[in-house]
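The values are calculated or read from the model by the stated rules, or taken from the named source; none is laboratory data. Keep in mind it's a predicted model, so treat the numbers as computed, not measured. Please note: Cβ atoms are built from the backbone with ideal geometry, for glycine as well, and neighbour counts cover all protein chains shown. Each accessible area value is taken on the protein alone, full model and side chains, heavy atoms only, with ligands, DNA and RNA left out. Shrake-Rupley method; radii C 1.70, N 1.55, O 1.52, S 1.80 Å.
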Amino acid sequence: MPELPEVETVKNVLIPIVKDRKILKIDVSRSSTIEGDVKEFISNLQGQTFLNVTRIGKYLIFHLSNALVMLSHLRMEGKYYELEESDSNSKYARVVFHLDNGHKLCYDDSRCFGILKLSNEQDYLKEEMIAKLGPEPFVINNVKSILKKVKNIKKPIKTTLLDQTLMTGLGNIYVDETLFASKIHPLTPANKITEKQWLSIVDNAKKILSLAIESGGSTIKSYHPGKDIDGNFQTRLKVYGKSGEMCPECKTHQFRFIKVGGRGTTFCPHCQRKVGVPLNVAITGKIASGKSTATEAFKSHDIATLSSDEIVKELYLKEEVSNKIEKAFNLRFKDKQVDKDVLRNYLLTHPKDKRKLERIVHPLVEKEIKNFLSSSKSPIRVVEVPLLFESNLDRYFDDIIVIDVSIDKQDELISNRDKAKALYLKEINKTNKIDENILKATYVIKNDGTKTAFINKINKIITELESLAK
Ligand SMILES: [Zn+2]
């Protein structure tokens, strides 16, 4: 989807194509592209001359003779093509403007989300879609009025910026870039953003958008008729689309991917710490690494905790779950509940069925975790999830704590447990994806000394989290 800099480039490419050109004829092949009456659109614009093209936010404003204005929003796939009259139209041409120089301008839109709307010089700024747009960062010099407007907005800062009413110009890509440059977690509630941070957001938005507009300049130089004009050049991105890559700022953590208001979002778990409540924290680590000890430490600070292992235990007591698993693996359990020994022995001889079991159990665990996170009143919520990355549950958490343990220490901890389970546990550890995701954790704690030393490390993290959850 084109963002402000791309639309600016489209505008700059369009000006020399349409300026002072008269529209001889208009063909509309898809009427829903035109907002308003199609006949009126055609009859009003035919015979008029394009005077100029300007831009407000992501709207292109075509100014025409007779004080008419055509508003254009490209949305997902909208683009313009300049073609010779003798050329066939572009593939998804929805509206074609035949010009007086033997050229035609095709408005092309494969997905048909874009719109064209007729207005006039007197009213177009009052059109609802234009009137609701906030100022572009380029014209914002102080943030006092923004601070006032967001005083009661608890929505995430990313959602608030995408809304365009506070400030216009940051879409999904450049909002991630701006928040990364400003070291702000995209889920931070808007009313927790300080004046200094707002100044940083505005300043970085100016720099990032200007740089993007500047690199769009090369599009203009390389433009030739017949080429689509969608202004796409999104280069020099630092964070967007780079989940799993090393953060170039801290050089110690990998970018994480989450959803914010349904939009894919990338951020650095170290450089962009979430501030405000609630703070959702996941504890993960291999088997017998000390996860439960860590979870207990949180609990002793009156922090709400939940253990995925406990959820599974509860699920296994349910008849419906037991039935499902019996059926899936052709097993027989007694007492209408899952017999964990029977299941474990089965999986030891049928390791490939572990995935199948996960497909049954993970969605149920996910549901419980979501319920817990949405209903808990605790400012900090901690969930222990052994298979956090495998089950893609990491996206629900603001912070991740990985408990890391050496193989020797782990062997020692496992052998303290039920001997019959040890083999199975070691088998599970082999498929654990923690090692390849460990740099996505906010914290990695080594459990390699005494229990007291380990708990001290956890307590230090608790203090830090409590200072952020305000
Ligand atoms: Zn970083």
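Figures for the structure shown
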item: Residue within region 328-338 that is under 22 Å from LEU388 (Cβ atoms) and open to solvent by 90 Å² or more (accessible area, probe 1.4 Å) present; result: no
item: Among the residues listed as ILE458, ILE360, ILE400, the single one being surrounded by fewer than 17 Cβ atoms within 10 Å (Cβ to Cβ) and in contact with a helix residue (DSSP H, G or I) (Cβ under 8 Å, 6 or more places away or on another chain); result: ILE360
item: Residue list for region 36-52, restricted to those being out of contact with any Phe, Trp or Tyr (no Cβ under 9 Å at 6 or more places or on another chain) and open to solvent by 10 Å² or more (accessible area, probe 1.4 Å); result: GLY36, ASP37, VAL38, LYS39, GLU40, ILE42, SER43, ASN44, GLN46, GLY47, GLN48, THR49
item: Count of residues meeting criterion [within 16 Å of the ligand (Cβ to nearest atom) and either at positive phi or not aromatic (Phe, Trp, Tyr) (or both)] in region 256-274; result: 11
item: Criterion (farther than 18 Å from TYR396 by Cα and within 14 Å of the chain's Cα centre (by Cα)) met by exactly one of LYS259, LYS251, LYS242; result: LYS242
item: Unique residue being polar (S, T, N, Q), modelled with pLDDT under 90 and under 19 Å from the mean Cα position of the chain (by Cα) when the list is THR235, THR266; result: THR235
item: Criterion: open to solvent by less than 40 Å² (accessible area, probe 1.4 Å), modelled with pLDDT of 95 or more, touching a Gly at 6+ places or on another chain (Cβ under 7 Å) and in a strand (DSSP E or B) - qualifying residue of LEU83, LEU116, LEU71; result: LEU83
item: Selected residue (criterion: nearest to the chain's Cα centre (by Cα)) from residues of region 135-173 that are hydroxyl-bearing (Ser, Thr, Tyr) and in a helix (DSSP H, G or I); result: THR159
item: Test: residue in region 197-205 that is under 25 Å from LEU116 (Cα atoms) and touching a helix residue (DSSP H, G or I) at 6+ places or on another chain (Cβ under 8 Å); result: no
item: Tabulated pairs, region 189-215, first hydroxyl-bearing (Ser, Thr, Tyr), second assigned to a helix (DSSP H, G or I), C-beta under 7 angstrom, 6+ apart or interchain; result: none
item: Pairs where the first residue, in region 326-352, is on the phi < 0 side of the Ramachandran plot and the second is assigned to a loop (DSSP other than H, G, I, E, B) and open to solvent by 100 Å² or more (accessible area, probe 1.4 Å), C-beta under 9 Å, 6+ apart; result: GLU326/ARG332; GLN337/LEU317; VAL338/LEU317; ASP339/ARG332; VAL342/ARG332; VAL342/LYS334
item: Filter result for LEU211 (open to solvent by 20 Å² or more (accessible area, probe 1.4 Å), more than 16 Å from the ligand (Cβ to nearest atom) and at pLDDT 95 or above); result: no
